[in-house]
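*Asks:* Just dropping this structure here.
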Amino acid sequence: MTLANAIHQQNGLRYITGLLQLHSSAGRQRMLSQKFFTDTTGLEKELNLLSGMVERLKDTEYQGAFISIIQGLMQLHDIQGTLNNLDGRNVLDDIELFEIKRFALIADEIGKQLKMLDYNDIKLPSLNDVVELLDPEGNRTAHFFIYAAYSEKLAQLRNKLKAAEDPQSDEAHVLHEKCIELEDSIRQELSAKLWALHSDISLAWQGVAELDFIMARARLAIDHHLVQPKISEEVTTFKGLFHPQVKAVLEQENRTFQPWDISLYPAPCLITGANMAGKTVLLKTLALNQYLFQFGFYVAAASAEMVTVEKIMTGIGDEQSELSGLSSFAAEMLNIQSIIASARAGNKLLVLIDEPARTTNPHEGIAIANALIDLLEKLNVRSLITTHYSGLQTHCRKLRVKGLSFPRNSEPITVANINRYMDYSLMEHSHDEVPREALQIAQILDIDSELIRRAKHYADQNEKNIVEFL
Amino acid sequence: MPFVDEILKYKSVSIVGMEKNTGKTECLNYILRRLGNSNHRLAITSIGLDGEGLDQVTQTHKPEIFLNQGDVFVTSEAHFRTKKLDAEILDLSRQRTSLGRLVTARVTGSGKVMISGPSETFWLKQLIGDMDRYGVNTTLVDGALSRQSLGSPAITDGMVLVTGAALSANMHTLISKTAFLHELICLPEWESQQNETLLQITNGLWAVDAKGEIHDLGIESAFLLESNKDKLFTHSHTFYVSGAVTAGLLNFLRMQPGIEETVIIARDFSRIFADKESYQAFTKRGGQIKVLLHTKLIAVCVNPVSPQGYVLDSKQLREKLARKLGIPVYDIFKL
């Protein structure tokens, strides 16, 4: 899986990659082709490269060099097509030779600045030979044509042509044709010499792309207070976990994001809590951070120790396309099926499901949820599942969002201030009752008072029936 | 050296043909020839139909322009590859036209080249700005007038209009059509602090109130006027029309109360597609049209020969036109 694939599936990832300050199309392509690391050695190396860049970006001593590098990156054009032609051993025309020459000049300049950073993890081979070849007059400007300096004979022919009295004369035509012939053979020679230098040019192209991408990731980490995740074998633990996009939105409204502390073991964990308690956001945040981690980014937390997985599987209701033509229940069940099949196949997964079986009757819904959790337990699947169902009989670990704490003063809770009274932090929860705050939240949302009155009446009646039955 | 001295005073000059085959290329070649040996550094590019070039690549008679050593030109990759001159590449654009990226080059050995340029006004403006870097004094723009074109030659400081028998073989019609276009070219500039902002707007109908504030009327195009009459006059009688100013719009506004104080602001003269009759009826009732981009008309060139071979009397044509327009008129073949 590449980052390009994942961006399609994951809104949060699209948001984060949109924040990357990439300066060249080379860097953008490099970003999209970034692979999802599942081997810890490769990932560790990638994260260490990034941390080296973060350190340098934070150091004001290097500011000048970074500005020069960015200026260089911004001047880069996409020369992929020309590189392909070079790779295919084609003869390049003046426009392509110009592109190569300009790239070589820019890459050499970036290389010089990179040396000042003392950052040796990205290698830019010197393209001085390329520049020398395409700059026979030693101007060091990015202009190009078949210079007379390439051939004594060409210089003579051009002078003769210039001296010709009538440019339309047969003599002038013959001279002109000879010039073209000679120029073509020079293009051939230049191309042949460039074929030999092709691997250096390609390496430099990949190098500047790599540099652009890693600088963008480092900048992102600094600007958005991301942290380098430590790689762990058994338990994923976050302190101060947050969702960068939700945090940014809240901050715009002068509200603060309440971060979570949470650990995930290779077993299911159940989360309960009132509506509007941020359970879904928590699942999305975990998914996003697992992607960030395994794509070699810093993650959105104060500190993080993370276990790599082979696949992140979610059922959060924002999947790109609900299988068309199916009811929401059928679509959900098929999604669950693919999760179970993958777990049975022995894949190391991170599974995040928001209220499984919520779209059917509560009686069977509870049964399905129970069975799912049993199975995830049996298959040792690292998973987090939210629910509103009471009476789930499973013995798995349970967490609860603390939820609303009612103000002592008489200020009524509204949609505008609910954030202040909602405690989003998680606590261990031993019994299987889930909080019943739905009607309260509905009231806060200013839902029709008659609807709420009637609902309360039904709820009370239910309660009575149960008591009588007991 | 008629009107060429005048051209030297401008940073950018467009050469605009009223119709195909009016002789725009001859006119351009004349200017290039005359300025070829001076110390005045020239650049040349083009603006016009995006897509038009596709057919023209296959057409062998697409006019080529003769450039002298030292001239700078901007053309598409496709046309650069067919050049019959020696040139040093100075720059290559990132953005593409239908004929590929644009190559900026300096002529190192004189010869001919086909010129194609940017498809948008803003891009052309940027290119003209970039020419300082290469020591260019004046940029010439081969301009076309077209409904389909997103680009307008009105971005240049000065303009030379080329008209001729190709437009009409009837001298009276030719003069009348040319005079109408001349009238549009001479439309006064709308002077306000908001001009740059207005230029950024690319669709819909907008009102400009007495304080100069801009309001979106929520009317997508002039065709939807009838059903949006109520919205139209909520702010003022001054309208910015970001797209085409059509006969329909002028006729509609003419019938409305407040026509005496109605002002239409168009991007530039090339956005006015109303016929002469509708335009005159509109202005007669007191309506005014102003433009954001005003360009100075330097001269009018005529080509008395039509592509079908019909020839008008050159002297008579020049004299009549000059009298009617009040500016110098030249015959491109007699320059």
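*Asks:* Looking at A:257, A:213, which is the one that is open to solvent by less than 10 Å² (accessible area, probe 1.4 Å) and of a type in the set (Phe, Trp, Tyr)?
*Replies:* A:213
*Asks:* Every residue in the stretch B:68-81 that is within 12 Å of chain A (Cβ to nearest Cβ) and in a strand (DSSP E or B), please.
*Replies:* So the first thing to find is which residues in the stretch B:68-81 are within 12 Å of chain A (Cβ to nearest Cβ), and the list is B:68-69, B:72, B:75-81.
B:72, B:75, B:76 - these are the residues of the stretch B:68-81 that are within 12 Å of chain A (Cβ to nearest Cβ) and in a strand (DSSP E or B).
*Asks:* Follow-up question, since we're still on this one. Any chance you could count how many residues in the stretch B:26-74 are modelled with pLDDT under 80, basic (Lys, Arg) and over 22 Å from the mean Cα position of the chain (by Cα)?
*Replies:* Qualifying residue count for the region: 0.
*Asks:* Given the conditions (1) open to solvent by 40 Å² or more (accessible area, probe 1.4 Å); (2) within 13 Å of another protein chain (Cβ to nearest Cβ), and given that residue A:116 satisfies all but one, which numbered condition is not satisfied?
*Replies:* It fails just one condition, (2).
*Asks:* Just wondering, is there one or more residues in the stretch A:156-163 that are surrounded by fewer than 19 Cβ atoms within 10 Å (Cβ to Cβ), within 14 Å of residue A:97 (Cβ to Cβ) and within 12 Å of chain B (Cβ to nearest Cβ)?
*Replies:* no
*Asks:* Quick check on my filter: what residues within the stretch B:277-319 are surrounded by fewer than 14 Cβ atoms within 10 Å (Cβ to Cβ), charged (D, E, K, R) and farther than 24 Å from residue B:166 by Cα?
*Replies:* Answer for the stretch B:277-319, where residues must be surrounded by fewer than 14 Cβ atoms within 10 Å (Cβ to Cβ), charged (D, E, K, R) and farther than 24 Å from residue B:166 by Cα: just B:284.
*Asks:* Okay, next question. What single numbered condition from (1) more than 19 Å from residue A:27 (Cβ to Cβ); (2) open to solvent by less than 30 Å² (accessible area, probe 1.4 Å); (3) of a type outside the set (Gly, Ala, Ser) fails to hold for residue A:127?
*Replies:* (1)
*Asks:* Restrict the check to the stretch A:87-94 and report whether at least one residue is in contact with a strand residue (DSSP E or B) (Cβ under 7 Å, 6 or more places away or on another chain) and within 14 Å of chain B (Cβ to nearest Cβ).
*Replies:* Yes, because at least one residue in the stretch A:87-94 is in contact with a strand residue (DSSP E or B) (Cβ under 7 Å, 6 or more places away or on another chain) and within 14 Å of chain B (Cβ to nearest Cβ).
*Asks:* Further question: Just to be sure before I move on: is residue A:175 within 11 Å of chain B (Cβ to nearest Cβ), within 57 Å of the chain's Cα centre (by Cα) and either surrounded by 14 or more Cβ atoms within 10 Å (Cβ to Cβ) or touching a residue at least 40 places away in the same chain (Cβ under 8 Å) (or both) in the structure I sent?
*Replies:* The answer is no for residue A:175.
*Asks:* Follow-up question, since we're still on this one. Tell me, which residue of the stretch B:82-133 that is under 29 Å from residue A:163 (Cα atoms) and more than 11 Å from chain A (Cβ to nearest Cβ) is most open to solvent (accessible area, probe 1.4 Å)?
*Replies:* The selected residue is B:82.
*Asks:* OK, next. Examine the stretch A:15-25 for a residue that is of a type outside the set (A, V, I, L, M), open to solvent by 10 Å² or more (accessible area, probe 1.4 Å), away from chain B (no Cβ under 14 Å) and free of Cβ contacts under 8 Å to residues at least 24 places away in the same chain, and state whether such a residue exists.
*Replies:* Yes: one or more hits.
*Asks:* Here's something else I'd like to know. Output yes when any residue across the stretch B:91-111 is of a type in the set (A, V, I, L, M) and at pLDDT below 90, and no when none is.
*Replies:* Among the residues of the stretch B:91-111, at least one is of a type in the set (A, V, I, L, M) and at pLDDT below 90, which makes the answer yes.
*Asks:* Now for a separate question. Just one of A:309, A:381 is open to solvent by less than 40 Å² (accessible area, probe 1.4 Å) and closer than 30 Å to residue A:223 by Cα; which is it?
*Replies:* Unique residue meeting the criteria: A:309.
*Asks:* Name the residue that is farthest from the chain's Cα centre (by Cα), counting only residues in the stretch A:339-378 that are touching a residue at least 40 places away in the same chain (Cβ under 8 Å) and surrounded by fewer than 18 Cβ atoms within 10 Å (Cβ to Cβ).
*Replies:* The extreme case among them is A:377.
*Asks:* So which residues in the stretch A:136-155 are part of a loop (DSSP other than H, G, I, E, B) and either within 12 Å of chain B (Cβ to nearest Cβ) or under 15 Å from residue B:109 (Cα atoms) (or both), if there are any at all?
*Replies:* Of the residues in the stretch A:136-155, the ones part of a loop (DSSP other than H, G, I, E, B) are A:136-143, A:145-147, A:151.
The answer is A:137, A:139, A:141, A:142, A:143, A:145, A:146, A:147.
*Asks:* Sort out which residues of the stretch A:71-82 are surrounded by fewer than 19 Cβ atoms within 10 Å (Cβ to Cβ) and either hydrophobic (A, V, I, L, M, F, W, C) or part of a helix (DSSP H, G or I) (or both), and write them in order of number.
*Replies:* Selection gives A:71, A:74, A:75, A:80, A:81.
*Asks:* Restricting to the stretch A:25-53, count the residues that are farther than 18 Å from residue A:15 by Cα and in a helix (DSSP H, G or I).
*Replies:* 16
To keep it simple, each residue is scored yes or no on (1) of a type in the set (S, T, N, Q); (2) touching a Ser or Thr at 6+ places or on another chain (Cβ under 8 Å); (3) more than 28 Å from residue A:218 (Cα to Cα); (4) not assigned by TED's automatic domain parsing to the domain that holds residue A:29.
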| site | (1), (2), (3), (4) |
| --- | --- |
| A:84 | yes, no, yes, no |
| A:103 | no, no, no, no |
| A:109 | no, yes, no, no |
| A:113 | yes, yes, no, no |
| A:125 | no, no, no, no |
| A:131 | no, no, yes, no |
| A:137 | no, no, yes, no |
| A:148 | no, no, yes, no |
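*Asks:* Can you say whether residue A:65 is away from every other protein chain (no Cβ under 13 Å), over 27 Å from residue A:183 (Cα atoms) and surrounded by 19 or more Cβ atoms within 10 Å (Cβ to Cβ), as far as the supplied structure shows?
*Replies:* yes
The values are calculated or read from the model by the stated rules, or taken from the named source; none is laboratory data. Here the structure is a predicted model, which means the values were calculated and not measured. Every residue, glycine as well, gets a Cβ built from its backbone with ideal geometry; the counts of neighbours run over all protein chains shown. Note: accessible area is taken over every heavy atom of the protein model, side chains too, but ligands, DNA and RNA are not part of it. Shrake-Rupley method; radii C 1.70, N 1.55, O 1.52, S 1.80 Å.
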